[in-house]
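Nothing in this text is a laboratory measurement; each read-out follows from the coordinates by a stated rule. Since this is a predicted model, take the numbers as computed values, not measurements. Cβ atoms come from the backbone with ideal geometry, glycine included; neighbour counts cover every protein chain shown.
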Amino acid sequence: MFRSCHRIFLALGLLSACSSQKDPATENGGGDSGVGATPPVGARASGGTGEAGAGSSGSNGTSAGGSSSSSSGGVAGSSGGMGDADASSGGGETSSESGGGVASTDGGSTTLGPSDPGSAGDGDFTVGPTYAKSSDLMAKGAPAGKSFHFTMSSTKSKIFTGMDSTLLAANRHSFTRGVDVYVPAKYKDGDLAPFMVIQDGPGQLGNIKLALDNLTQSTDPTRSLPAFIAIAVQNGGGDSKGSERGLEYDTMSDRYAQFIQSEVLPAVLADPTIKAAYPHLMLTPDPEGRSTCGCSSGAAAALTMGWFRPEWFHRMVTYSGTFVAQQNDSAPEQAMYPLGAWDYHSDLDLIGTTTPAKPLRIFINANQMDNGAGTGAANHHDWLLANQLMAAALKKQSYHYRFVEGLGAGHCDGRVQDLTLADTLVWLWRGYPLNY
């Protein structure tokens, strides 16, 4: 589906179509290819909608949420501090119209999602089979932020207690999960902070820290990141059907998003060590400022968070996403989604039949040797095919999506992430204003 690729060479910056270009043969995929609206150096586009245009719309600085204020720290948007944020329908990421952001906060201020950031960087690309780590994911001496760690016990959870009836008997027990939080140096206490929830914490947190350190210090507005807070949440243990991790990540519902919204985010704000360092910390209620990230089933969870709760999350990064039939067989959601995450692109075609398109911005990756238990659509476990079908469904519905296939790479391959993550984050946050 994505094999008939042709090589494209894109300008390094959006502001000048005549700027010098890197030679993929000599740069070997260093990941410094402009704004993340362009593919990584060495990438090959294949029938996607990526643009090589100068001055395309939607560069950082468009109006967006994250600017409203509150008199005290917390997650703005509900009288209870963590309830559903009021979200306006419409525009957001899927059209040039404004809208799609949070309409109200406790204090009555408004936050609006950005205007459409344009389609530059959208589409289908390949990287590899040789890889080099992006320089933006290397220590350069930039000011570092502050790291925090705390734990959460399932005995205090109302959502994931460790005793769910879908769990195998051996997996039915209480547990403790770790939560790691990184606040970049550029964040100013009291500002309404965008954030990213990372599954399988710490997961990609190490690279994300370096990207934040380097790209919040960048003097290039087309290759910068907002000072978002990274929140890496460990899973409850095990893997696949009958496990706590499988329950949390592979279930087709808003249950995991509810857990993050109602239990994890308040725990971040209540942690005494974090509170001592940032007494006025606030997390934005605007879904444009809320992102998710994960690999494998953690990637499926990242997409599902936004799919079932687009009023909470609009931006998602999925590496080697298991958009396949891994939902617990006894889960009540099986009645509606019998093939689990495969139903995003199955004959049921959740993506293709949901109109209007949801205001989501989605990065997906799968790799040449990413297959699960067998190949082909018949067994609903071909991971590479699942992601290719996801890309096709997103393209058909005109989503802002970016699909990168890694040649010669395997499942959750760190080489692919080392090459692409910095570009991915810049593309992901395209259109969101810098908050410093």
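Of all lysines in the structure, those lying under 28 Å Cα to Cα from K395, and not within fewer than 8 positions of it along the same chain, are K358. Pairs of alpha carbons in the range 221-340 separated by more than 18 Å make up 54% of all such pairs. Each of H345, H411, H400 was scored by other Cβ atoms within 10 Å of its Cβ. Listed from fewest to most, they are H411, H345, H400. What the phi angles of the range 216-232 give under the Karplus curve with 6.51, -1.76 and 1.60, with θ = phi - 60°, is a coupling list of 8, 9, 4, 8, 9, x, 8, 9, 9, 10, x, 7, 8, 8, 9, 10, 9 Hz, glycine and proline written as x. Pairs with C-alpha atoms separated by more than 26 Å, drawn from the list K140/K188; K133/K275; K156/K209; K209/K396; K186/K275; K158/K186, are K133/K275; K156/K209; K209/K396; K158/K186. In terms of packing, defined here as the mean over residues of other Cβ atoms within 10 angstrom, the peptides 357-370, 135-148, 179-192 line up highest first as 357-370, 179-192, 135-148.
Residues S153, S224, arranged from fewest to most other Cβ atoms within 10 angstrom of their Cβ, appear as S153, S224.
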